[in-house]
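Read through the structure below, which is laid out as C-alpha coordinates, and then see the notes.
The values are calculated or read from the model by the stated rules, or taken from the named source; none is laboratory data. Remember, predicted model here, so these are calculated numbers, not experimental data. So basically every Cβ, Gly included, is an ideal-geometry build from the backbone, and we count neighbours across all protein chains shown.
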Amino acid sequence: MELIKQNTQTQIIKSLIIIFLGSVMLAISAKLKIPFYPVPMTMQTFIVLFIGIGFGYKIGLASVGLYLLEGILGLPVFSNSPERGIGLTYFVGPTMGYLIGFLSACFLASFIKNDDNYFIIFLKLVLSVSTIYFFGILWLGTLIGWDKPIFELGVMPFLLAELFKMVLLTILAKKILKIRGLI
(Lines give C-alpha, C1' and ligand atoms only; values in the text may rest on other atoms or scores of the structure.)
Protein backbone atom coordinates (compact mmCIF):
# COMPACT_ATOMS: atom_id res chain seq x y z
CA MET A 1 0.00 0.00 0.00
CA GLU A 2 2.81 2.39 0.90
CA LEU A 3 4.55 1.62 -2.41
CA ILE A 4 1.38 2.49 -4.37
CA LYS A 5 1.08 5.78 -2.45
CA GLN A 6 4.74 6.60 -3.12
CA ASN A 7 4.39 5.77 -6.85
CA THR A 8 1.30 7.98 -7.08
CA GLN A 9 3.11 10.89 -5.41
CA THR A 10 6.10 10.41 -7.71
CA GLN A 11 3.81 10.39 -10.76
CA ILE A 12 2.06 13.58 -9.62
CA ILE A 13 5.38 15.38 -9.08
CA LYS A 14 6.65 14.15 -12.46
CA SER A 15 3.45 15.36 -14.17
CA LEU A 16 3.66 18.78 -12.49
CA ILE A 17 7.27 19.20 -13.62
CA ILE A 18 6.34 18.24 -17.20
CA ILE A 19 3.37 20.65 -17.16
CA PHE A 20 5.64 23.46 -15.97
CA LEU A 21 8.28 22.62 -18.60
CA GLY A 22 5.57 22.62 -21.29
CA SER A 23 4.51 26.13 -20.27
CA VAL A 24 8.16 27.25 -20.34
CA MET A 25 8.58 25.79 -23.85
CA LEU A 26 5.51 27.77 -24.97
CA ALA A 27 6.83 30.98 -23.41
CA ILE A 28 10.18 30.58 -25.15
CA SER A 29 8.50 29.76 -28.46
CA ALA A 30 6.40 32.93 -28.14
CA LYS A 31 9.55 35.02 -28.13
CA LEU A 32 10.87 33.40 -31.32
CA LYS A 33 8.87 35.54 -33.73
CA ILE A 34 8.64 37.29 -37.03
CA PRO A 35 6.62 40.50 -36.60
CA PHE A 36 3.39 40.72 -38.60
CA TYR A 37 0.32 42.88 -38.11
CA PRO A 38 -1.99 42.32 -36.29
CA VAL A 39 -0.71 38.92 -35.10
CA PRO A 40 3.01 37.99 -35.03
CA MET A 41 4.26 34.66 -36.43
CA THR A 42 5.89 32.53 -33.73
CA MET A 43 6.95 28.94 -33.12
CA GLN A 44 4.05 28.51 -30.69
CA THR A 45 1.85 26.47 -33.02
CA PHE A 46 4.74 24.01 -33.49
CA ILE A 47 5.20 23.68 -29.71
CA VAL A 48 1.44 23.42 -29.03
CA LEU A 49 1.19 20.51 -31.47
CA PHE A 50 4.43 19.00 -30.16
CA ILE A 51 3.05 19.11 -26.60
CA GLY A 52 -0.20 17.49 -27.70
CA ILE A 53 1.62 14.70 -29.52
CA GLY A 54 4.33 14.16 -26.92
CA PHE A 55 2.49 14.72 -23.64
CA GLY A 56 -1.05 13.58 -24.45
CA TYR A 57 -4.18 15.61 -23.89
CA LYS A 58 -4.22 15.71 -20.06
CA ILE A 59 -0.70 17.00 -19.49
CA GLY A 60 -0.82 18.90 -22.79
CA LEU A 61 -3.96 20.84 -21.88
CA ALA A 62 -2.59 21.48 -18.40
CA SER A 63 0.65 22.86 -19.94
CA VAL A 64 -1.20 25.14 -22.35
CA GLY A 65 -3.66 26.16 -19.62
CA LEU A 66 -0.80 27.02 -17.25
CA TYR A 67 0.87 29.07 -19.99
CA LEU A 68 -2.35 31.02 -20.59
CA LEU A 69 -2.84 31.55 -16.85
CA GLU A 70 0.73 32.79 -16.48
CA GLY A 71 0.10 35.34 -19.20
CA ILE A 72 -3.28 36.43 -17.84
CA LEU A 73 -1.72 36.90 -14.40
CA GLY A 74 0.84 39.29 -15.89
CA LEU A 75 3.94 37.25 -16.57
CA PRO A 76 5.46 38.42 -19.88
CA VAL A 77 5.06 35.03 -21.60
CA PHE A 78 2.96 36.12 -24.58
CA SER A 79 4.50 37.00 -27.92
CA ASN A 80 4.37 40.80 -27.73
CA SER A 81 4.47 41.20 -23.98
CA PRO A 82 5.59 43.27 -22.21
CA GLU A 83 6.05 45.62 -25.22
CA ARG A 84 2.31 45.74 -26.01
CA GLY A 85 0.97 45.13 -22.55
CA ILE A 86 0.68 42.31 -20.07
CA GLY A 87 -1.94 40.33 -18.27
CA LEU A 88 -5.61 40.30 -19.09
CA THR A 89 -5.29 43.52 -21.12
CA TYR A 90 -2.92 41.79 -23.53
CA PHE A 91 -4.84 38.51 -23.48
CA VAL A 92 -8.07 40.09 -24.75
CA GLY A 93 -6.21 41.81 -27.59
CA PRO A 94 -5.92 40.60 -31.20
CA THR A 95 -4.28 37.28 -30.29
CA MET A 96 -6.87 36.00 -27.79
CA GLY A 97 -8.68 33.73 -30.25
CA TYR A 98 -5.41 32.16 -31.35
CA LEU A 99 -4.35 31.65 -27.75
CA ILE A 100 -7.65 29.94 -26.92
CA GLY A 101 -7.26 27.86 -30.06
CA PHE A 102 -4.03 26.46 -28.60
CA LEU A 103 -6.18 24.37 -26.26
CA SER A 104 -8.20 22.74 -29.03
CA ALA A 105 -5.11 22.21 -31.21
CA CYS A 106 -3.21 20.55 -28.39
CA PHE A 107 -6.18 18.33 -27.59
CA LEU A 108 -6.68 17.23 -31.20
CA ALA A 109 -2.95 16.64 -31.79
CA SER A 110 -2.96 14.25 -28.84
CA PHE A 111 -5.01 11.81 -30.94
CA ILE A 112 -2.09 11.12 -33.27
CA LYS A 113 -1.10 7.48 -32.84
CA ASN A 114 2.01 5.52 -33.65
CA ASP A 115 0.12 3.30 -36.08
CA ASP A 116 -1.16 6.30 -38.08
CA ASN A 117 0.48 6.60 -41.48
CA TYR A 118 2.16 9.88 -42.40
CA PHE A 119 -0.78 11.08 -44.48
CA ILE A 120 -3.19 10.58 -41.54
CA ILE A 121 -0.74 12.29 -39.17
CA PHE A 122 -0.52 15.26 -41.55
CA LEU A 123 -4.33 15.47 -41.82
CA LYS A 124 -4.70 15.38 -38.03
CA LEU A 125 -2.13 18.17 -37.73
CA VAL A 126 -3.94 20.25 -40.36
CA LEU A 127 -7.20 19.81 -38.45
CA SER A 128 -5.50 20.65 -35.16
CA VAL A 129 -3.80 23.83 -36.36
CA SER A 130 -6.94 24.88 -38.24
CA THR A 131 -8.75 25.26 -34.92
CA ILE A 132 -6.18 27.84 -33.84
CA TYR A 133 -6.95 29.91 -36.92
CA PHE A 134 -10.69 29.31 -36.62
CA PHE A 135 -10.81 30.77 -33.10
CA GLY A 136 -8.23 33.38 -34.06
CA ILE A 137 -10.19 34.86 -36.95
CA LEU A 138 -13.46 34.64 -35.02
CA TRP A 139 -12.00 36.83 -32.29
CA LEU A 140 -10.01 39.04 -34.66
CA GLY A 141 -13.10 39.77 -36.74
CA THR A 142 -15.09 40.56 -33.61
CA LEU A 143 -12.34 42.83 -32.31
CA ILE A 144 -11.30 44.80 -35.39
CA GLY A 145 -14.46 44.46 -37.46
CA TRP A 146 -15.71 42.05 -40.07
CA ASP A 147 -15.42 44.74 -42.73
CA LYS A 148 -11.64 44.27 -42.61
CA PRO A 149 -9.90 41.52 -44.65
CA ILE A 150 -9.71 39.18 -41.64
CA PHE A 151 -8.56 36.08 -43.51
CA GLU A 152 -5.83 38.04 -45.31
CA LEU A 153 -4.64 39.59 -42.03
CA GLY A 154 -5.04 36.69 -39.63
CA VAL A 155 -4.38 33.56 -41.70
CA MET A 156 -2.77 34.13 -45.10
CA PRO A 157 0.61 35.43 -43.91
CA PHE A 158 1.12 32.30 -41.81
CA LEU A 159 0.09 29.50 -44.19
CA LEU A 160 3.50 28.75 -45.68
CA ALA A 161 5.17 28.68 -42.26
CA GLU A 162 2.38 26.48 -40.88
CA LEU A 163 2.77 24.08 -43.79
CA PHE A 164 6.49 23.81 -43.04
CA LYS A 165 5.83 23.23 -39.31
CA MET A 166 3.20 20.54 -40.03
CA VAL A 167 5.45 18.72 -42.51
CA LEU A 168 8.27 18.76 -39.95
CA LEU A 169 5.95 17.52 -37.19
CA THR A 170 4.57 14.83 -39.49
CA ILE A 171 8.09 13.54 -40.05
CA LEU A 172 8.94 13.72 -36.33
CA ALA A 173 5.59 12.55 -34.89
CA LYS A 174 6.49 8.90 -34.36
CA LYS A 175 9.67 9.93 -32.53
CA ILE A 176 7.78 12.52 -30.48
CA LEU A 177 5.24 9.84 -29.47
CA LYS A 178 8.05 8.01 -27.70
CA ILE A 179 8.13 10.87 -25.18
CA ARG A 180 4.55 10.06 -24.21
CA GLY A 181 5.60 6.49 -23.45
CA LEU A 182 8.15 7.81 -20.94
CA ILE A 183 5.69 10.02 -19.08
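Does PHE50 fit the bill of being assigned to a loop (DSSP other than H, G, I, E, B) and closer than 30 Å to ARG180 by Cα?
Working: assigned to a loop (DSSP other than H, G, I, E, B): no; closer than 30 Å to ARG180 by Cα: yes.
In short, no.
What are the residues in segment 83-104 that are touching a Pro at 6+ places or on another chain (Cβ under 7 Å) and under 19 Å from LEU66 (Cβ atoms), if any? Walk me through it before giving the result.
Narrowing segment 83-104 to residues touching a Pro at 6+ places or on another chain (Cβ under 7 Å): 86, 94.
Passing the criteria: only ILE86.
Can you go through GLY181, GLY154 and tell me which one is of a type in the set (Gly, Ala, Ser), under 17 Å from the mean Cα position of the chain (by Cα) and at pLDDT below 95?
Criteria check complete, one pass: GLY154.
Hey, any hits in segment 50-67 for a residue that's of a type outside the set (A, V, I, L, M, F, W, C) and touching a Pro at 6+ places or on another chain (Cβ under 7 Å)?
Looking through segment 50-67, none of the residues is of a type outside the set (A, V, I, L, M, F, W, C) and touching a Pro at 6+ places or on another chain (Cβ under 7 Å).
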Fill in: Count of segment 64-117 residues which are more than 21 Å from LEU32 (Cβ to Cβ) and not in a helix (DSSP H, G or I)
11
Item to complete: Give the number of residues within segment 61-91 that are within 18 Å of the chain's Cα centre (by Cα), among the aliphatic types (A, V, I, L, M) and either within 17 Å of ILE132 (Cβ to Cβ) or buried (at least 18 other Cβ atoms within 10 Å of the Cβ) (or both).
Response: 7
Worksheet, complete the sentence: Selection over segment 50-85 where residues are of a type in the set (Ser, Thr, Tyr), at pLDDT 95 or above and out of contact with any Gly (no Cβ under 7 Å at 6 or more places or on another chain) yields a count of 2
Worksheet item: Scanning segment 117-141 for residues that are more than 18 Å from the chain's Cα centre (by Cα) and free of Cβ contacts under 8 Å to residues at least 24 places away in the same chain, which turns out farthest from MET166 (Cα to Cα)?
Response: GLY141
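I'm checking my understanding of the structure. Among residues of segment 150-165 that are crowded, with 17+ Cβ neighbours inside 10 Å and touching a residue at least 60 places away in the same chain (Cβ under 8 Å), which one is nearest to GLY97 (Cα to Cα)? Walk me through it before giving the result.
At the first step, the residues of segment 150-165 found to be crowded, with 17+ Cβ neighbours inside 10 Å are 150, 153-155, 158, 162, 165.
Pick out the ones that are also touching a residue at least 60 places away in the same chain (Cβ under 8 Å) and you get 153-154, 158, 162, 165.
Working: LEU153: 14, GLY154: 10, PHE158: 15, GLU162: 17, LYS165: 20 Å.
So, considering only residues that are crowded, with 17+ Cβ neighbours inside 10 Å and touching a residue at least 60 places away in the same chain (Cβ under 8 Å), the one nearest to GLY97 (Cα to Cα) is GLY154.
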Practice prompt. Kindly establish whether ILE18 is closer than 14 Å to ALA109 by Cα and at pLDDT 95 or above.
Written response: no
